[in-house]
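Colleague: Input: one structure, supplied below.
The values are calculated or read from the model by the stated rules, or taken from the named source; none is laboratory data. The model shown is predicted, which means the values in this text are computed figures rather than measured ones. Don't worry about glycine lacking a Cβ; one is built from the backbone with ideal geometry, like all the others, and counts go over all protein chains shown.
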Amino acid sequence: MIRPCEETDFDAIYEIVNDAAQAYKGVIPPDRWHEPYMPREELRHEIDAGVVFWGYEEDGELIGVMGIQPVHDVTLIRHAYVRTARRNQGVGGKLLAHLRTLTDRPILIGTWADARWAIRFYEKHGFRLVTPEEKVRLLKKYWSIPERQVETSVVLAGPRWSEGHPGRRRA
Ligand SMILES: CC(C)(COP(=O)(O)OP(=O)(O)OC[C@H]1O[C@@H](n2cnc3c(N)ncnc32)[C@H](O)[C@@H]1OP(=O)(O)O)[C@@H](O)C(=O)NCCC(=O)NCCS
């Protein structure tokens, strides 16, 4: 079952994010890694900033979460995490498909350049990497992240964005 998360899910979201983010350890630049990957205060800040988390629940337990955040004229998919033990079973795909039904706006997704599996996951769902120049512009316009994270991230855009910006995506 896919459902919007509530305040009572805060601890479960925190747990899932930090369990799933272990995938980044030793992969993303060491100066970007810290433990826990997302401290409680940062998760709280993200929710307060308008990230709405949806969860995939099975037998009363959240298995994966994914956030959606409207910013200006686009919708961002933020913080996609599936419990390590439940990966590659279609949970992330179902969450992404559901979130896509919630908006008519172009969708943008940012992730670590080194997270090859995440890039492949989004590409499989029709998202395309934008050019390095476009990436910098988009991250500065739609995200609030430090300069160093801009350098080490990529942006993927959904079909609706690509239609409106022909020629701007990476071949
Ligand atoms: C990225 C992430 C959210 C994807 O979630 P997921 O539940 O593993 O995704 P899915 O199972 O839908 O798809 C992943 C793979 O499983 C395969 N798969 C999907 N359904 C399947 C099923 N029923 N049985 C077996 N494999 C399946 C998909 O084909 C896909 O394969 P690919 O790697 O060759 O593309 C998850 O891997 C994760 O939490 N990773 C760590 C954190 C991260 O990188 N987050 C992204 C931040 S933006």
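Colleague: For residues that are more than 7 Å from the ligand (Cβ to nearest atom), buried (at least 16 other Cβ atoms within 10 Å of the Cβ) and not hydroxyl-bearing (Ser, Thr, Tyr), tally how many sit in the stretch 115-124.
Modeller: Counting residues in the stretch 115-124 that are more than 7 Å from the ligand (Cβ to nearest atom), buried (at least 16 other Cβ atoms within 10 Å of the Cβ) and not hydroxyl-bearing (Ser, Thr, Tyr) gives 1.
Colleague: A further question follows. Between residues in the stretch 41-55 that are at negative phi and residues that are at pLDDT 95 or above and acidic (Asp, Glu), which pairs lie under 8 Å by C-beta distance while being six or more apart or on different chains?
Modeller: Note: pairs meeting the criteria are Phe53/Asp9; Gly55/Asp9.
Colleague: Further question on the same structure: Quick check, is Leu62 within 24 Å of Arg160 (Cα to Cα) and within 13 Å of the ligand (Cβ to nearest atom)?
Modeller: No, not satisfied.
Colleague: Whether any residue in the stretch 126-136 is outside any strand (DSSP E or B), near the ligand (Cβ under 7 Å from one of its atoms) and touching a residue at least 12 places away in the same chain (Cβ under 8 Å) is what I want to check.
Modeller: So far as the stretch 126-136 goes, no, none of its residues is outside any strand (DSSP E or B), near the ligand (Cβ under 7 Å from one of its atoms) and touching a residue at least 12 places away in the same chain (Cβ under 8 Å).
Colleague: Out of everything in the stretch 81-114 that is small (Gly, Ala, Ser) and closer than 20 Å to Ser144 by Cβ, what residue ends up being nearest to the ligand (Cβ to nearest atom)?
Modeller: Ranking the candidates gives Gly110 first.
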